[in-house]
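K.L.:
I'd like to ask some things about the structure below.
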Amino acid sequence: MTIIAFISQKGGVGKSTLAQALAVEAHKKKVKVLLADCDSQQTTSYEWSKITGKIPCQVFNSVKEVWPLAKQYQLIIIDAPARTSQGTLEIAKQANLIIQPTGASRADLAPAVKEFNALVKAGVSKKKLLFVLNRIGSKAEGEIAQGYLKDTGYFYLPISLPEKVSFRSVQNEGKAITEIPYKTLRKQTKKLVEGILDYI
Ligand SMILES: Nc1ncnc2c1ncn2[C@@H]1O[C@H](COP(=O)(O)OP(=O)(O)OP(=O)(O)O)[C@@H](O)[C@H]1O
Ligand SMILES: [Mg+2]
């Protein structure tokens, strides 16, 4: 059994987007997966799952309610609410992989690195922490952001997600970004998600 959590202090960075894509691709591979929507105020993933109708998804008021279910699933994906390091620590301690999506600006990257630093300071292994760059505007922007992350010593996925209106449209239809009708983008998002699944 594996627990993968999507966390960040900031909202709108792509936690739910990536959690949903990972759930869809794992489900396609016949992995017994649960998408745990731990943002009980927004319930974004739960509402999305009702449209897809195929991904098991449950809302949790407290992440502590997730752990007893661990034995029933091969993969639990935690879609966490945007919140501070303290709130994330409980998740980070239990999860096998903690993914933090982030934008590419300094204003995005610096606090994202601080968030991981706080987790490491609290005893979470650096090896469990992974950055994914999202909402990238250009190749150059992506490369500069990757250079920044490289210097921090944290792991990051070599594939970043571009900012695309079509990602929003496909999610509105209850699909994942890996199911986008455009071939090149679909290939890119699938490769990114495969990259995450490789970690388990
Ligand atoms: N690469 C992208 N291109 C375009 N839109 C995106 C991209 N990534 C995410 N979005 C959109 O941005 C919005 C916020 O994304 P998402 O819900 O995944 O963020 P979140 O980190 O879960 O936010 P919150 O902290 O509020 O739960 C959604 O409408 C989503 O479709
Ligand atoms: Mg969310």
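The values are calculated or read from the model by the stated rules, or taken from the named source; none is laboratory data. Note that this is a predicted model, so its numbers are computed, not measured. Every residue, glycine as well, gets a Cβ built from its backbone with ideal geometry; the counts of neighbours run over all protein chains shown.
K.L.:
Starting from residues that are under 19 Å from Leu119 (Cα atoms) and away from ligand 2 (no atom under 13 Å from the Cβ), keep the ones in region 1-28 and report whichever is surrounded by the fewest Cβ atoms within 10 Å (Cβ to Cβ).
P.N.:
Across region 1-28, the extreme among qualifying residues is Ile3.
K.L.:
Would it be correct to say that Gly123 is out of contact with any Gly (no Cβ under 7 Å at 6 or more places or on another chain) and outside any helix (DSSP H, G or I)?
P.N.:
Working: out of contact with any Gly (no Cβ under 7 Å at 6 or more places or on another chain): yes; outside any helix (DSSP H, G or I): yes.
For Gly123, the condition - out of contact with any Gly (no Cβ under 7 Å at 6 or more places or on another chain) and outside any helix (DSSP H, G or I) - is met.
Conditions tested, residue by residue: (1) surrounded by 12 or more Cβ atoms within 10 Å (Cβ to Cβ); (2) at pLDDT 95 or above; (3) within 30 Å of Thr52 (Cα to Cα).
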| site | (1), (2), (3) |
| --- | --- |
| Val113 | yes, yes, no |
| Asn117 | yes, yes, no |
| Leu129 | yes, yes, yes |
| Ser138 | no, yes, no |
| Glu141 | yes, yes, no |
| Gly153 | no, yes, no |
| Leu161 | yes, yes, yes |
| Ser166 | yes, yes, yes |
| Gln171 | yes, yes, yes |
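K.L.:
So for region 96-105 (the condition being touching a Leu at 6+ places or on another chain (Cβ under 9 Å), at pLDDT below 95 and either over 27 Å from Val31 (Cβ atoms) or outside any helix (DSSP H, G or I) (or both)), does at least one residue qualify? Break it down into steps so the answer makes sense when it comes.
P.N.:
In the first step, residues of region 96-105 are kept if they are touching a Leu at 6+ places or on another chain (Cβ under 9 Å); the result is 97-104.
Right, trim to at pLDDT below 95 and you get none.
Looking through region 96-105, none of the residues is touching a Leu at 6+ places or on another chain (Cβ under 9 Å), at pLDDT below 95 and either over 27 Å from Val31 (Cβ atoms) or outside any helix (DSSP H, G or I) (or both).
K.L.:
Return yes when Leu35 is more than 24 Å from Gln9 (Cβ to Cβ) and either within 12 Å of ligand 2 (Cβ to nearest atom) or within 18 Å of the chain's Cα centre (by Cα) (or both) and no when it is not.
P.N.:
Values: more than 24 Å from Gln9 (Cβ to Cβ): no; either within 12 Å of ligand 2 (Cβ to nearest atom) or within 18 Å of the chain's Cα centre (by Cα) (or both): yes.
When the stated conditions are applied, Leu35 does not pass them.
K.L.:
If I filter region 191-198 for residues that are surrounded by fewer than 18 Cβ atoms within 10 Å (Cβ to Cβ) and touching a residue at least 40 places away in the same chain (Cβ under 8 Å), do I get at least one hit?
P.N.:
Initially, region 191-198 is screened for residues surrounded by fewer than 18 Cβ atoms within 10 Å (Cβ to Cβ), giving 191, 194-195, 197-198.
Next cut, touching a residue at least 40 places away in the same chain (Cβ under 8 Å) only: 194, 197.
Within region 191-198 (the criterion being surrounded by fewer than 18 Cβ atoms within 10 Å (Cβ to Cβ) and touching a residue at least 40 places away in the same chain (Cβ under 8 Å)), the answer is yes, since at least one residue qualifies.
K.L.:
Got a number for residues in region 93-137 being of a type in the set (Gly, Ala, Ser) and under 20 Å from Gly195 (Cα atoms)? Walk me through how you get there before you give the answer.
P.N.:
Restricting attention to region 93-137, the residues satisfying the condition of being of a type in the set (Gly, Ala, Ser) are 95, 103-105, 107, 110, 112, 118, 122-123, 125, 137.
Next cut, under 20 Å from Gly195 (Cα atoms) only: 95, 103-104, 125.
Going through region 93-137 one residue at a time, the tally reaches 4.
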